[in-house]
Every structure is written in structure tokens, then in C-alpha cells.
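Worksheet: one structure, shown below.
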Amino acid sequence: MNILTLVFVTDYFKCAFRALYRVVFNVFLHPLSIFPGPKHLAACGFFHSYNNQLKVEWYKYMLKVHDKYGPIVRVGPDHLAVDGSIGWSEVFGHKRADRQEFGRYPGFYSPGKDDPIYLFSADRTGHRRQRRLLSHAFSDASMYEQEALITTHINLLIFRLHTFAERNEPLDAVQWYSFATFDIIGDLAFGESFGCLENNDLHPWVANMFNTVKAALMIQFLNQYPLLRPFGRVLGKKLLAQRKEHSEFAAGRAKQRLSLDPATNSRKDFVTYILRHNDEKGMSEGEIMGNLNKIIVAGSETTATTLSALTLTEEIRQTFSSEDQITMSSTAPLSYLHACLQEGLRIYPPTAETPPRVSPGDFIAGKYVPQGTRISIYQWASYHSARNFVKPSEFKPERWLPPTHPYHDPVFNHDNKDAFNAFSYGPRNCIGKNLAYAELRLIMTRVLWNFDISLVDGYESWTEHHKVFSIWQKTPLMVRLSRVARSEST
């Protein structure tokens, strides 16, 4: 054996020994080894990263893992999955005086090198500064001022749906709800609609959004493993190009809206309130543009997801005698509709997983979690767990009704409602939560006031095979509409 061969063999065994040592350490000696979970996930972070970011039904696997190992499961060498019944209050809640903050995980929302820091990716100080300004655009007062703009798009949606009902023609509910929600959020964020409802088609930028999300996940995955980055540049070249095109279009739309003179522009949209309250402690133009881009995704795709998973309710037709009575404020007291919305969000949450947090070195459920440990809540798994909800796979709005409601069912009294927070929890919860609920109420009430809806045969198991790339990749949901028969005096 010559010297070169000897050196090669020696180095090979050194590497093999280090790898074996790391696996043994991670599984048996690591501080997180006290937490249960699949051994292969504890051994190497690659398994979780690959499956979580690139495999499309990982959320279902996480339900099985929680069912087997309990509410706190180790899913990586330095990563825990925590059930919502524990994680919301202990990890995602507001910082207490006696505890440090469980900060956001920087690697989850990874802006490009030239991208501005936006609300989701900002550190605690930057997040507080940006949220203070954005909160004006999402306040109850501004929401009611935006109602007329929102109603314009809902009117067009109802008009389009009537044409399907008149022809007795099936339609894809996912597609049409997406048209409406993207047009609404585009108008609110960019100052003009995407024209989806008008053109009966997705705008190219909207259609490209899903590819952009996949590109971001690929970048996120490959950035964790430097040796894989060159492969990503080759394999993901097209996706990266689409991501760049997507960002450039959004920046152009946002810049165009920002250029309008507030003195002569009477619009009531997000930018109106941002500019009205912006000051030297507010946001730069780049930060505003970055946030508007992200708001489009968060405020449209997730709303359409919930609308597609809801069922009918008769409460609407008993409450309103005419369609013009249906407003944001008049739909707010409808308790059964709210229960349906809550149950739709539980069965089919806007996102299957929360952005991870990072432990500062603190206790969760009485167990010490070392500093630097990533912590995730898999919402879909928490909401479908029999530990938290009776009949977790069944759509049962009754579980959300108060005891005084005639349809309340005491069988659900022991549901763990604390496990449920569809719009996250604490200081980084969804800033558009109230707007989302108002939009959901308006669209569902208008649709159900006008139409009876029935599923086309073959779509009964629509929710069972959906894929997730950070957001849901929804398949068509074909339905038939028929106009509700009313007397002429109604």
C-alpha cells in the first residue's frame, strides 16, 4: 500500500468515524435525547429537512408521529415538534417578564441577498416597528372603510356564479374563490385588481406564485447543505427565474401604487394607511414593497383555502331578507356561520405548519429545552389529534357553539380549544386576521344567500390527498349551483 492510498484510507475512516460518532451522539447523548421520537430523525437533520420541505404529505406523517410519541416529539438533532395545546402559550405567546423570548428561526423566511427585510422575517425590534405601522392598515376602522372596495369584487363574483347556475354548469369552487380573494387583496395592496374575475382566469403573476413558493423552499433546503447548492442552481434554474420574475412584478406594482399622490388619490387601501402614518421610525420604501408582496400571498391563498372547505348553513337565509343587508357588521353576530368558519379552519388550516421558533434556553411543559433548539407546531396534526378534539376528522361546527346555542352538543365540551390558533398566536400572529374573518363572512354569506350548492360526484374526499409546499396545492373542487327560490317580495 503506497502512501497516497494510506492517506486516503485513513481520511476515509476518519470521516466515517466522525459520522458514526455524530449519529450515536445525536441519538443517545444529545441534550434532546430525553425527548421521544423516530431515531432516524434524531440521527440526522437531513431526513426532516428533505421530507418537511420537499415531500408533499409530511403533515400527515406528523400526525402519526404525535399520536405515537406524544405532544412533544424530537424531529431533528436540534428540532422539536410541539403540539398546539402546549406550544401556543409556552412558545409563541407574548414575552413574560421572567422569561426570554422564543425568537423566530432566521432560516425559515430567508430573503434573497437583495430582498428587503419584511414583517415575517424581521427580528423583534424590526417586527415591532413594521407591525406598528401596518396595524393601521388592518384596524377595524380601516377595514370598514375598505368594505366598499371589497364588496365591488364580491358583487362580480356573485354575478359570475349566477351564469353557472343559469346554465346548470359545474364549476371549480377553488378556482373561483381564488379569483375573488386575489382580486380583493391585489386591489387592497397594489391599488388595482389582478382582473381574475373579469377575465375568468388567473393573472400570470398569481399563477406563478406557487412555483415561486416551491423555489423558495428549494433554496431554503439547499442553503442548509452547501455541497448541494451547485445542484440547486442547475435543477432549480427555471424556478429561480420564475421567483425573480415574480418579485420584480410585485415590486413594480407596489412602486406604481406608492407613486400616487395622497393629496389627489381617494383610495382606501393598505397603502393609504401606511403612508398616512409613516414617519422616520416607520418603514422604508423597500420594506413597504416587500411587505405588500408577502401580504398578497398571505391574504389571498389562505382565505381561498378556508372557503373551499366549508359547508352550507341555513342561518344566513333566516337572518337576511334581502342581499343588501349583508355587510361586515351584520354578519359578525352569526354564531353558526362563525362556528362553520372555525371548523373549516380546523379541518383545513391555512398553513399545515408554523414558522419555527428558537429556544433561548428555557422550559417547555416542565422539560428544559437547550438554547438554539428549533420548535415547530404542525397545525394540521394538532387539529386532527384525538388528544385535542372529539371526532377530529369530522366536520362538526357544533364544537364551537356556546352552551346556550340550540345546536350546541355537549359531546364536544372537553375539546381542547387552546390547541387551535389558525392565525398563529402572540406578537407574531397574523396581522390580517380580522380582515380575513370579515372577508370569509361576506363571501360565504353572499354565496349561500344566493345559491344552493352540491358536490359533483367523485369529490367527496377532496381534502384527503392534498399536497403542501408551505401552502396547500389544492386540486379542483367541482360543485353545482342552483339559485335559491324566493318570492318576488323577498
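Taking the residues in the range 313-339 that are of a type in the set (A, V, I, L, M), in contact with a helix residue (DSSP H, G or I) (Cβ under 6 Å, 6 or more places away or on another chain) and not in a helix (DSSP H, G or I) as candidates, determine which candidate is modelled with the lowest pLDDT.
334
Part of a loop (DSSP other than H, G, I, E, B) and of a type outside the set (S, T, N, Q): which single residue out of 187, 201 fits that description?
201
Looking only at residues that are loosely packed, with under 15 Cβ neighbours inside 10 Å and among the aromatic types (Phe, Trp, Tyr) in the range 19-45, which one is modelled with the lowest pLDDT?
By that ranking, first place goes to 21.
Return only the number of the condition from (1) surrounded by fewer than 20 Cβ atoms within 10 Å (Cβ to Cβ); (2) touching a Cys at 6+ places or on another chain (Cβ under 9 Å) that residue 361 does not satisfy.
Of everything listed in (1) surrounded by fewer than 20 Cβ atoms within 10 Å (Cβ to Cβ); (2) touching a Cys at 6+ places or on another chain (Cβ under 9 Å), residue 361 misses just condition (2).
Can you find a residue that is at pLDDT below 85 and touching a Phe, Trp or Tyr at 6+ places or on another chain (Cβ under 6 Å) anywhere in the range 101-118?
There is at least one residue in the range 101-118 that is at pLDDT below 85 and touching a Phe, Trp or Tyr at 6+ places or on another chain (Cβ under 6 Å).
Taking the residues in the range 243-297 that are assigned to a loop (DSSP other than H, G, I, E, B), polar (S, T, N, Q) and out of contact with any Leu (no Cβ under 8 Å at 6 or more places or on another chain) as candidates, determine which candidate is modelled with the highest pLDDT.
259
Quick one: count up the residues across the range 344-377 that are under 15 Å from residue 31 (Cα atoms) and either modelled with pLDDT under 90 or among the charged types (D, E, K, R) (or both).
Residues flagged as under 15 Å from residue 31 (Cα atoms) and either modelled with pLDDT under 90 or among the charged types (D, E, K, R) (or both) within the range 344-377 amount to 3.
Please enumerate the residues belonging to the range 12-38 that are part of a helix (DSSP H, G or I) and either polar (S, T, N, Q) or touching a strand residue (DSSP E or B) at 6+ places or on another chain (Cβ under 9 Å) (or both).
26, 31, 32, 33, 34, listed by residue number.
Filter the range 450-490 down to residues that are without any contact (Cβ under 8 Å) to a residue 12 or more places away in the chain and of a type in the set (D, E, K, R) and give me whichever is surrounded by the most Cβ atoms within 10 Å (Cβ to Cβ).
Step by step, filter the range 450-490, then rank; the result is 486.
Is it the case that some residue within the range 377-392 is surrounded by 19 or more Cβ atoms within 10 Å (Cβ to Cβ) and charged (D, E, K, R)?
No, the range 377-392 contains no residue that is surrounded by 19 or more Cβ atoms within 10 Å (Cβ to Cβ) and charged (D, E, K, R).
Has the range 439-458 got at least one residue that is small (Gly, Ala, Ser) and closer than 26 Å to residue 88 by Cβ?
no
With the structure loaded, tell me whether residue 443 is part of a strand (DSSP E or B), assigned by TED's automatic domain parsing to the domain that holds residue 166 and either among the aliphatic types (A, V, I, L, M) or surrounded by fewer than 21 Cβ atoms within 10 Å (Cβ to Cβ) (or both) or whether it fails that test.
In short, no.
On the basis of being assigned by TED's automatic domain parsing to the domain that holds residue 475, at pLDDT below 95, hydroxyl-bearing (Ser, Thr, Tyr) and in contact with a strand residue (DSSP E or B) (Cβ under 8 Å, 6 or more places away or on another chain), does residue 305 make the cut?
Criteria met by residue 305.
Among what's in the range 229-242 and is farther than 30 Å from residue 193 by Cβ and surrounded by 14 or more Cβ atoms within 10 Å (Cβ to Cβ), pick the residue that is modelled with the highest pLDDT.
Among those residues, the one meeting the criterion is 232.
The values are calculated or read from the model by the stated rules, or taken from the named source; none is laboratory data. Note that this is a predicted model, so its numbers are computed, not measured. All Cβ positions, glycine included, derive from the backbone under ideal geometry; neighbour counts span all protein chains shown.
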